[in-house]
Amino acid sequence: QVQLVESGGGLVQQGGSLRLSCVASRRTFSDYAMGWFRQTPGKEREFVAAISWGGGSYADSVKGRFTISRDNAKNAVYLEMNSLKPEDTAVYYCAANRGAITRTVSLWDYWGQGTQVTVSS
């Protein structure tokens, strides 16, 4: 079992930046692919970014603005979000997967509780 705890969400103006953090409880954290997803009311949860030993992957909507990174020594994964837009407003979820990176929500094994990001125009 892996417990994930996100932090770093908040309110920011358009064009601003935020850094989300996610800390995992499991000591074998480095064996897991880690990802970030987001969800707005009435919509399905969508892929944002993910990282594994093979590198990172990004949704087209955030490519060039968001950067995912991980620190295996701290069991942590980060999402640096720059040039934020109102359409980035959502609850952001951290996820862990024992398999490879996938953009399919149902294939991720563990989820955090989410952190709200609100971008004002």
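The values are calculated or read from the model by the stated rules, or taken from the named source; none is laboratory data. If you're wondering where the values come from, they're calculated on a predicted model, not measured in any experiment. In this analysis, Cβ positions are derived from the backbone assuming ideal geometry, glycine residues included, and neighbour counts consider all displayed protein chains. We work out accessible area using only protein heavy atoms, side chains counted, and drop any ligands, DNA or RNA first. Shrake-Rupley method; radii C 1.70, N 1.55, O 1.52, S 1.80 Å.
Tabulated results
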read-out: Breaking point among (1) in contact (Cβ under 8 Å) with a residue 24 or more places away in the chain; (2) farther than 11 Å from PHE37 by Cβ; (3) small (Gly, Ala, Ser); (4) open to solvent by less than 70 Å² (accessible area, probe 1.4 Å), for ALA95; value: (2)
read-out: SER25 vs. criteria over 11 Å from the mean Cα position of the chain (by Cα) and open to solvent by 50 Å² or more (accessible area, probe 1.4 Å); value: yes
read-out: Residue selected from segment 30-41 under the condition free of Cβ contacts under 8 Å to residues at least 60 places away in the same chain and more than 11 Å from ALA90 (Cα to Cα), by the criterion surrounded by the most Cβ atoms within 10 Å (Cβ to Cβ); value: TRP36
read-out: Conditions (1) assigned to a strand (DSSP E or B); (2) of a type in the set (Asp, Glu); (3) open to solvent by 20 Å² or more (accessible area, probe 1.4 Å): number failed by GLU44; value: (1)
read-out: Any chance ALA50 is part of a strand (DSSP E or B), aliphatic (A, V, I, L, M) and touching a residue at least 12 places away in the same chain (Cβ under 8 Å); value: yes
read-out: Breaking point among (1) assigned to a helix (DSSP H, G or I); (2) in contact (Cβ under 8 Å) with a residue 40 or more places away in the chain, for ARG103; value: (1)
read-out: Index of the failed condition, GLU80 passing every other in (1) of a type in the set (D, E, K, R); (2) open to solvent by less than 50 Å² (accessible area, probe 1.4 Å); (3) under 20 Å from LEU4 (Cβ atoms); value: (2)
read-out: Answer residue from segment 106-121, given it is among the hydroxyl-bearing types (Ser, Thr, Tyr) and touching a residue at least 60 places away in the same chain (Cβ under 8 Å) and is nearest to VAL48 (Cα to Cα) among those; value: THR115
read-out: Positions within segment 106-121 being assigned to a loop (DSSP other than H, G, I, E, B) and open to solvent by 50 Å² or more (accessible area, probe 1.4 Å), in sequence order; value: ASP109, GLN113, SER121
read-out: Filtered residue count, segment 17-41, keeping only those that are farther than 19 Å from SER69 by Cα and outside any strand (DSSP E or B); value: 2
